[in-house]
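Please find one structure pasted underneath; my questions will follow.
Read-outs: derived from the displayed coordinates by stated rules, not from any lab. Just so we're clear, the structure is a prediction, and the values are computed from it rather than from any experiment. Cβ: placed from backbone, ideal geometry, glycine included. Neighbour counts: every protein chain shown.
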Amino acid sequence: GQSLEQPSEVTAVEGAIVQMNCTYQTSGFYGLSWYQQHDGGAPTFLSYNALDGLEETGRFSSFLSRSDSYGYLLLQELQMKDSASYFCAVSRLSGGSYIPTFGRGTSLIVHP
Amino acid sequence: DSGVTQTPKHLITATGQRVTLRCSPRSGDLSVYWYQQSLDQGLQFLIQYYNGEERAKGNILERFSAQQFPDLHSELNLSSLELGDSALYFCASSGGASGYNEQFFGPGTRLTVL
């Protein structure tokens, strides 16, 4: 089977940097994605890592270590609007198809 | 706005009934994915269609079925509804056939089974 672990909640102050971790166990691992979801809204894609290392997109960075089955999402210069749930998702290859599996998500609360 | 549309926005029905949820992907996207999101189960992948054909299957119950039509819109049919089927159902689309591509999610259909 497969599993993903994410902390349930993280709190931080406006302007700070926050890191949200994701550890996974799965066969056929292909890549790790991150999505943001505001309350009542649709998930929106943030980043994707297939190879080890850091991917940067503006204030967001995502890291992957395939050997450690671990990744994280880093948010810099936090803003109030960043308060949301953040999901990591693994793509695994199974029977010729790529199956996405999402973690339970980390709720980020940004305080002024 | 992701460009993915879903109807209806809300649906309230009774146990044992059957409902159909509809999704139109972004213009040009060939893949459609269906997800169920509930408080206790998180976001669960149900099924993917690519250009009219079933491509990948997740935790979809036998009471649920889906299809993708020639115009690429998709429908998710839920039958013999149970209280536990109450959830937010999302459809997402992507350009490629592979599930690791960036997916664009629709606004969701909130299903309440009474």
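May I ask for the net charge around A:Met80, where only other residues with Cβ less than 14 Å from the Cβ of A:Met80 are counted and Lys, Arg are +1 while Asp, Glu are -1?
Working: positive: A:Arg59, A:Lys81; negative: A:Glu14, A:Asp39, A:Glu77, A:Asp82.
Residues close to A:Met80 contribute a combined charge of -2.
Separate question: Could you tell me, in Å, what Rg and Dmax come out for the Cα atoms of segment B:1-47?
Both quantities, over Cα of segment B:1-47: 12.8, 37 Å.
State, to one decimal in nm, how far the label point of B:Thr20 lies from the label point of A:Thr57, with both points 7 Å from Cα in the Cβ direction.
3.5
Mind jotting down a quarter of the surface of the convex hull over the alpha carbons of chain B, in square nanometres, one decimal? Spell out each step's value before the answer.
Values: hull surface 25.6 nm².
Here the figure is 6.4 nm², rounded to one decimal.
I want to verify a result. In a Gaussian network model of chain B, Cα cutoff 10 Å, which of these has the top mean-square fluctuation: B:Glu54, B:Glu62, B:Glu102?
Among B:Glu54, B:Glu62, B:Glu102, the largest mean-square fluctuation in the Gaussian network model of chain B belongs to B:Glu62.
Now a separate question. If you count the DSSP beta bridges with both ends in the protein assembly as shown, what percent of them are antiparallel, to the nearest 5? Write down the numbers at each step before the final one.
Values: 79 of 88 bridges.
Around 90 percent of the beta bridges assigned by DSSP in the protein assembly as shown are antiparallel ones.
Under unit Cβ charges (Lys, Arg +1; Asp, Glu -1), what dipole magnitude, rounded to 20 debye, does segment B:59-111 have relative to its Cα centre?
On the way: 2 positive and 6 negative charges, 17 e Å.
About 80 debye.
Quick check on chain A: what are the equivalent-ellipsoid semi-axes from the Cα gyration tensor, as sqrt(5λ), descending, whole Å?
Numbers: eigenvalues 121, 40, 27 Å².
Listed largest to smallest, the semi-axes of chain A are 25, 14, 12 Å.
Please find, in a Gaussian network model of chain B (springs between Cα atoms separated by less than 10 Å), the residue of B:Ala66, B:Ala87, B:Ala14 whose mean-square fluctuation is greatest.
B:Ala14
Extension gain B:Glu62-B:Leu114, at 0.36 nm per residue separation less the Cα-Cα distance, in nm? Display every interim value, and only then the final one.
Values: separation 52, 0.36 × 52 = 18.72 nm, distance 2.07 nm.
The span from B:Glu62 to B:Leu114 would gain 16.7 nm if fully extended.
According to the Cα gyration tensor, what semi-axes, each the square root of 5 times an eigenvalue, does the equivalent ellipsoid of the protein assembly as shown have, listed from largest to smallest in whole Å? The partial results should precede the final answer.
Working: eigenvalues 168, 82, 53 Å².
Output for the protein assembly as shown: semi-axes of 29, 20, 16 Å.
Farthest toward the dipole's positive end in chain A, which of A:Gly96, A:Leu46, A:His111, given Cβ charges of +1 (Lys, Arg) and -1 (Asp, Glu) about the Cα centre?
Going by the charge dipole, the pick is A:Gly96.
Please report the relative contact order for segment B:1-106, taking Cα pairs under 8 Å with a sequence separation of at least 6, and give it as a percent rounded to a whole number. Walk me through the numbers before you get to the answer.
Working: 234 pairs, mean separation 36.5, N = 106.
Computed over segment B:1-106, the figure is 34 percent.
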